[in-house]
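Reading through the structure tokens given below for one structure.
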Amino acid sequence: MRAAAHACVSILGVVVVGLAGCSTVRYQDAPKLDRQAAARRVIGLSHGPVLGPGPEPSKAPPRVENKTAIESQFETAHPRVQHFLDAYQADLRPFMRRSLERGGRYLPQIASILAEEGIPQELAYLPIVESGFRIDAVSHAGAVGPWQFIRGTGRRYGLRIDGYVDERRDPEKATRAAARYLRDLYDMFDDWHLSLAAYNTGEANVARVRSRLQTDSFWEMSDRGHLPVETREFVPRFLAAMEIARAPEDYGFDLAPAAALRYDQIRIDRVMSLKTVAKLSRSRLSDVTDLNPALRRGVVPPQGYVVRLPKGTRRTFELAYARMQTAAAVVVSAVSRLTHRVRRGETPSSIAQTYGVSVTTLMRANRIRNPRALQVGQMLSIPGGKRSERPEVVASSARRPRSRTVN
């Protein structure tokens with residue numbers, strides 16, 4: 001994601017400004033760090049089972065193998081990382097706390113997806129610096145969601161982005177896309193610092209600097225001023241956030257356990273508002289909305305979509321949906337019998353043609369034996385007839401939603 005289009009959201013813009021003049025005083029209550037012990041811990045991996053499968057992995061196996069050793073992949077002892085560690089415990093402490101609290105419910109699932117895609121699980125903390133784990137984050141350049149995808153990159157990695165759906169806001173699907181993008185960047189640069197820099201400013205920019213300077217060191221590129229200021233800060237900010245997120249208690253962050261995401265899934269093949277989904281599943285609208293952040297209009301799109309329901313409500317929804325379909329069939333039956341007042345010059349044949357029914361059906365429904373016996377002003381019943389002003393109803397043959405439970 002290019003720097004111009006992949007800028008941090010507004011809250012992170014405040015972060016950058018604050019860092020320029022932040023205090024280097026450490027949080028006074030934080031205990032002395034055991035960095036080797038902290039380096040072996042990943043927050044969130046023990047918070048409970050990962051729930052809600054994402055899109056199917058690519059058929060090709062992950063190309064990143066044996067690259068998850070923290071000590072060898074991420075250099076956290078650099079002075080600039082320490083600078084941001086101090087900032088996150090001082091001026092930016094409220095931001096870090098909010099980010100960790102928001103991210104707690106997503107981290108188990110994110111870490112699992114990253115492991116499936118063959119990249120270090122520590123990259124699960126990247127949304128801290130990208131968006132503060134805000135699902136609805138939007139940058140001034142149009143980057144969206146927790147991983148701050150611009151439209152082009154999101155679509156390149158399989159995210160649906162249109163008038164009804166924006167899967168950049170879906171933490172599960174966006175994580176899958178981000179993991180594959182990061183994996184491709186690592187395949188290009190064979191270094192996680194450079195891969196992170198490329199995620200921020202674009203792979204072409206980093207490749208050009210590497211070729212010009214003939215170095216694979218992010219720190220050298222940064223120190224020599226060949227990377228944008230935002231990118232020079234982006235990597236050490238992430239490394240500092242990662243250090244704190246792996247062991248928040250060592251930095252004085254006492255966080256309450258986050259509730260794991262639990263939900264059912266069901267495919268709905270017709271337009272339906274999330275308000276109706278909530279009503280049919282007997283759930284709170286806020287819960288259904290929170291589970292489906294990609295549905296930007298709050299409705300299931302015309303082509304249908306897999307919708308998440310609060311855990312344990314799928315069967316309730318299915319039963320209520322079936323009752324609604326039955327009621328719709330009754331409505332269809334009721335409105336299908338139209339009436340027509342005979343006008344001068346009309347015949348059973350002309351009336352039947354007007355409504356798209358057979359003459360025989362029309363005469364039988366109205367017990368007409370002699371077509372010449374029609375009277376002007378006579379009311380006729382039109383069984384199964386069609387006309388433009390007929391009320392729009394839900395067809396009784398609509399497909400039943402397909403469902404799946406996420407344990």
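Check R155, R102 and return the single one that is assigned by TED's automatic domain parsing to the domain that holds F238, crowded, with 18+ Cβ neighbours inside 10 Å and without any contact (Cβ under 8 Å) to a residue 40 or more places away in the chain.
R102
Please go through the stretch 296-347 and pick out each residue that is in a strand (DSSP E or B), at pLDDT below 95 and surrounded by fewer than 16 Cβ atoms within 10 Å (Cβ to Cβ).
If the condition is that a residue be in a strand (DSSP E or B), at pLDDT below 95 and surrounded by fewer than 16 Cβ atoms within 10 Å (Cβ to Cβ), then R337, T339, R341 are the ones that fit.
Where in the stretch 71-146 are the helices (runs of 4 or more DSSP H), entirely inside, with at least 2 residues that are more than 30 Å from L159 (Cα to Cα) and not basic (K, R)?
Values: elements: 79-89, 93-103, 107-116, 126-131.
In the stretch 71-146, the matching helices (runs of 4 or more DSSP H) lie at 79-89.
Just give me the residues in the stretch 86-112 being under 15 Å from A260 (Cβ atoms) and of a type outside the set (D, E), in sequence order. Write out each step before concluding.
So in the stretch 86-112, the residues under 15 Å from A260 (Cβ atoms) come out as 101-112.
Selection gives R102, G103, G104, R105, Y106, L107, P108, Q109, I110, A111, S112.
Name the residue, out of P108, P127, P146, that is crowded, with 18+ Cβ neighbours inside 10 Å and modelled with pLDDT under 95. Write out each step before concluding.
On the way: P127 fails: modelled with pLDDT under 95; P146 fails: modelled with pLDDT under 95.
Criteria check complete, one pass: P108.
Select from the stretch 200-254 the residues that are in a loop (DSSP other than H, G, I, E, B) and of a type in the set (D, E, K, R) and write down the one among them that is farthest from A141 (Cα to Cα). Step through it out loud before you land on a result.
Of the stretch 200-254, the ones in a loop (DSSP other than H, G, I, E, B) are 202, 214-217, 224-228, 247, 252-254.
Okay, now just the ones that are also of a type in the set (D, E, K, R), so 216, 224, 254.
Values: D216: 29, R224: 27, D254: 34 Å.
Across the stretch 200-254, the extreme among qualifying residues is D254.
For the structure I just gave you, tell me whether A258 is part of a helix (DSSP H, G or I) and either out of contact with any Gly (no Cβ under 6 Å at 6 or more places or on another chain) or touching a residue at least 40 places away in the same chain (Cβ under 8 Å) (or both). Break it down into steps so the answer makes sense when it comes.
On the way: part of a helix (DSSP H, G or I): no; either out of contact with any Gly (no Cβ under 6 Å at 6 or more places or on another chain) or touching a residue at least 40 places away in the same chain (Cβ under 8 Å) (or both): yes.
Spelling it out, it is not the case that A258 is part of a helix (DSSP H, G or I) and either out of contact with any Gly (no Cβ under 6 Å at 6 or more places or on another chain) or touching a residue at least 40 places away in the same chain (Cβ under 8 Å) (or both).
The values are calculated or read from the model by the stated rules, or taken from the named source; none is laboratory data. As the structure is a prediction and not an experimental result, all values here were calculated from the model. Note: ideal-geometry Cβ built from the backbone for every residue, glycine included; neighbour counts use all protein chains shown.
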